[in-house]
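As structure tokens, the structure follows; a few thoughts come after it.
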Amino acid sequence: MSLLRLDGVTKCFGGLTAVNNFSTELAPGELCALIGPNGSGKTTIFNLITGIYTPTAGRITFNGTDITGKRPDIIASLGVARTFQNIRLFNGLDVLGNVLVGHHLRLRSDPFSAILRAPNYAREEKEMRQEAMELLGALSLDHLAHEDATSLPYGQQRKLEIARALATRPRLLLLDEPAAGMNPGESEELMRFIPHILDAFDLTIFLIEHQMRVVMGICPRIIAIDHGETIAEGPPEAIQNNPRVIEAYLGVGEYA
Amino acid sequence: MMKITRNRILTLITLVVFAGFLAYSQATFNPYILRIMNLCAIFTIFAVTFNLVYGYTGQFSLGHAGFAAVGAYTAALLTMTPVQKELNFFLEPIVPVLANVQWPFLPAMLLGGVLAAVVGFLIGWPALRLRGDYLAIATLGFGEIIRVLFVNMQRVTNGSLGLKGIPEYTNVYWSWGLALVTIFVTKRLVDSSYGRALKAIRDDEVAAEALGVKLSYHKILAFTLSSFFVGIAGALLANLISTIDPKVFLFFLTYQVVGITVMGGMSSLTGSTVSACLYTVFLEALRPVESPFSIGPLRVPGVPGMRMVIFSALLLLVILFYRRGLFGQAEFSWDWFFEKTSALRARLGRTGKTAPAPSIESEEEERP
């Protein structure tokens, strides 16, 4: 059974059709990439899956539940986490605080026990902190736990955003251009890091990426879209040589 | 661990000293000084609650005056004697339910807070879907609606005639006691997991929601809790000044609260407290500029409202030189205090002077 299923998903902004009749399925444990030129609707698809946008038409099913048009926080609590193209860390919180926000959705104590630091809250807070530190340790960010989130180097900020998403204990992780702005060394590390967390956290990963080296290197399956429509789907070699993909990226060849 | 115990003991000592100071002032200070001290506490509550909604949750709400009015009128009507009510309501008689009730201060004040919280919840529920300026305008509008309702509900609020002869129950124990409770509750909330969620909403709503933070639940939580304490402060105000009418709760009150909080620093409860006290004291100290005075040969006529001009100028200076307010996001803590004093001692030690006795500001919040 597929973990994520999109059926004929369409999203229009006024007269512009950003995503047109997009369908795909992700099996549990899969690592799949979504590529396409700028403005082809990749991030819109992520926003539709995570509930930031409501589809104009179509159905999105996650783990057997229809999540079409559900609120982002509900979709997150069902097990979908994401990172953002332009890093969106909480600058008023430290590194640990950012990760702890990802734990908040599992908190059972009510606000009054939190204010009174009642035993049930104190226990949950302690567990939360322990788990958050373990998570930071697993991503070797633990030595930065009390730094300001936004004072971290760029690559670390990207990693922290992933850590924060992992704290919600997702089954599906959506990574929006994780290698954007990274230097070759950092993206090299990311190429090892993504397959690592896929196994370590028992995830399914759907990622948008522009750096073809990263995509071709780690993703067994690639979906290419242009103007909100799927133009090709398959393993890296097939995508690389697909004429429609080449056309979308480079335009049609003109011979004089 | 040692440090935590030390800090707890110091906090306890400070609280005891502060309680002693309150007892001493209530017994010996003249009513004028006591009134200023009470106002300091009331404005502290206003500023801390505004900070909870704006500084920590990032929701720019301007409904403070309205919620304070709800608390003030509730407490006033419940604590006034039936005789006083009859004297007040000479245009139209008071509604029969309220005519003969007379409650002690505490339950009246609590009900004032609860009603303000209910109104806050009802307003916050739809209004908190709005963002930024739109929320500010909506809450400002609701605040005005409450005031206009109070002007027109002649048989309940006595309209624009206001209420006179409210028993003066508020003393420094009530006002500072409740200010400390407000600070304590707010501090505990913003330091908890819920507080992290509030700060996450402030910093980035989209990211917070994508991490499973329920936006409206948390916004309404902060807003309702804040309204509760604003209602309490309104009740303290009514039973301090003993005469209230709808004009007390004009937008000007909210404006003052915003000014105080910005001056103290967003997301700093220490800042709100210090700033509220400074503001109240300054405003009293500046009273002479509103009466005629002379500078050398120059005679200056008294200009009503001159104090606010000076206060505005001061606020501008603070914003120019301390862009993030006096305290920014910093909070007083004993660790910080010892760090500073030992640094100071080291510096003075080098120049061969003796360190001055460290002065402890007693209104500071406790640290867990």
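The values are calculated or read from the model by the stated rules, or taken from the named source; none is laboratory data. Owing to the predicted nature of the structure, the values given are computational and were not obtained by experimental measurement. Note that we place each Cβ from the backbone using ideal geometry, even for glycine, and neighbour counts take in every protein chain shown.
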_Failed item, numbered, when A:Leu173 is tested on (1) in contact with a helix residue (DSSP H, G or I) (Cβ under 7 Å, 6 or more places away or on another chain); (2) surrounded by fewer than 19 Cβ atoms within 10 Å (Cβ to Cβ); (3) more than 16 Å from B:Arg196 (Cα to Cα)_ = (2)
*So which residues in the stretch B:210-233 are at the interface with chain A (Cβ under 7 Å from one of its Cβ atoms), buried (at least 24 other Cβ atoms within 10 Å of the Cβ) and in a helix (DSSP H, G or I)?*
B:Ala210
*Residues being at the interface with chain B (Cβ under 9 Å from one of its Cβ atoms) and not hydrophobic (A, V, I, L, M, F, W, C): count how many of those fall in the stretch A:65-82.*
5
*Could you grab me the full set of residues in the stretch A:94-143 that are at the interface with chain B (Cβ under 9 Å from one of its Cβ atoms), surrounded by 17 or more Cβ atoms within 10 Å (Cβ to Cβ) and part of a loop (DSSP other than H, G, I, E, B)?*
A:Leu107, A:Ser109
*Applying the selection to the stretch B:186-209, what residues are more than 7 Å from every other protein chain (Cβ to nearest Cβ), in contact with a helix residue (DSSP H, G or I) (Cβ under 6 Å, 6 or more places away or on another chain) and of a type in the set (Asp, Glu)?*
none
*What are the residues in the stretch B:122-145 that are hydrophobic (A, V, I, L, M, F, W, C) and under 19 Å from the mean Cα position of the chain (by Cα), if any?*
B:Ala136, B:Leu140
_Single unsatisfied condition, A:Phe62 versus (1) facing chain B (nearest Cβ under 9 Å); (2) at pLDDT 95 or above_ = (1)
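Residues are listed down the side, and each one gets a yes or a no for (1) in contact (Cβ under 8 Å) with a residue 60 or more places away in the chain; (2) of a type in the set (Ser, Thr, Tyr); (3) crowded, with 23+ Cβ neighbours inside 10 Å; (4) in a helix (DSSP H, G or I):
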{"site": "B:Ile9", "(1), (2), (3), (4)": "no, no, no, yes"}
{"site": "B:Leu12", "(1), (2), (3), (4)": "no, no, no, yes"}
{"site": "B:Phe21", "(1), (2), (3), (4)": "yes, no, no, yes"}
{"site": "B:Phe50", "(1), (2), (3), (4)": "yes, no, yes, yes"}
{"site": "B:Ala72", "(1), (2), (3), (4)": "yes, no, yes, yes"}
*Sort through A:Glu161, A:Glu147, A:Glu189 and tell me the only one that's among the acidic types (Asp, Glu), out of contact with any Pro (no Cβ under 9 Å at 6 or more places or on another chain) and modelled with pLDDT of 90 or more.*
A:Glu147
_Matching residues in the stretch B:67-97 - criterion: being among the hydrophobic types (A, V, I, L, M, F, W, C) and more than 28 Å from the chain's Cα centre (by Cα)_ = B:Val83, B:Leu87, B:Phe89, B:Phe90, B:Leu91, B:Ile94, B:Val95, B:Val97
